[in-house]
Amino acid sequence: MAKYQRHLFVCTNQRPEGAPRPSCNADGKAELHTLLNQAVAAAGLKETVRVNRAGCLDQCEHGPNVVVYPDAVWYGHVGAADVAEIVQSHLIDNRPVERLALAEGCIHTAACEHRPPKS
């Protein structure tokens, strides 16, 4: 089997109700992971694209989150309705979905305007 060309990391972290930060997988069903896996298979990309479950990606305020590597594209607020567009636009046409891409200033920084201040 050839190496995968891309990996999609889908946050499936589940936080308890009332946690200070939101959860990407509040219901524990990991539906987004399942839908992306199905869409990748339906598009005939199973041999070149791997869809992985990920623990917390530390972008909780933007969740649910999906990261595409090696492209280093971080998507936020991804829902079931976005799956087909990510597969077609990003994985097939090599055009990241700009409307879902997280701002550079929010990726791995405490300075993101969407993060609550630390107490």
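Adding -39500 (n - 2.57) for every DSSP H run of four residues or longer, then dividing by how many residues the chain holds, sets the calculated 222 nm ellipticity at -3000 deg cm²/dmol. At full extension, Ala81 and Ala43 could sit 12.1 nm farther apart than now, given 0.36 nm per residue minus the alpha carbon distance. Length gained on full extension, Asp58 to Glu104: 15.2 nm, using 0.36 nm per residue less the C-alpha separation. Sorting His7, His33, His62 from the fewest to the most surrounding beta carbons within 10 angstrom yields His7, His33, His62.
For the chain, the longest principal axis of the Cα atoms and the long axis of helix 31-42 meet at an angle of about 20 degrees. Relative protection proxy for 96-105, 9-18, from highest mean packing down: 9-18, 96-105 (other beta-carbon atoms within 10 angstrom). Just checking my list [x] 1.06; [y] 0.99; [z] 1.53 against Cα Rg over 2.2 N^0.38 Å computed from this structure; which label fits? Computed from these coordinates, Cα Rg over 2.2 N^0.38 Å corresponds to label [x]. With both residues required to sit in the chain, DSSP beta bridges show an antiparallel share near 55%. With θ taken as phi - 60° and the Karplus curve 6.51 cos²θ - 1.76 cosθ + 1.60 applied, the whole-hertz 3J(HN,Hα) list for the range 65-74 is 10, 9, 10, 10, 10, x, 5, 6, 9, 9 Hz, x standing for glycine and proline.
Springs join every pair of Cα atoms under 10 Å in this Gaussian network model of the chain, and among His108, His90, His77 the largest mean-square fluctuation is at His108. Using θ = phi - 60° in the Karplus curve 6.51 cos²θ - 1.76 cosθ + 1.60, the 3J(HN,Hα) couplings for the range 14-24 round to 10, 9, x, 4, x, 4, x, 10, x, 10, 6 Hz; x is entered for Gly and Pro. For Ala54, the residues whose amide H sits under 5 Å from its own are Val10, Cys11, Thr12, ignoring neighbours fewer than 5 places away on the same chain, with H placed 1.01 Å from N.
Bear in mind that the values in this text are calculations on the coordinates, not laboratory data. Fair warning: this is a prediction, and the values are worked out from it, not measured in the lab. So basically every Cβ, Gly included, is an ideal-geometry build from the backbone, and we count neighbours across all protein chains shown.
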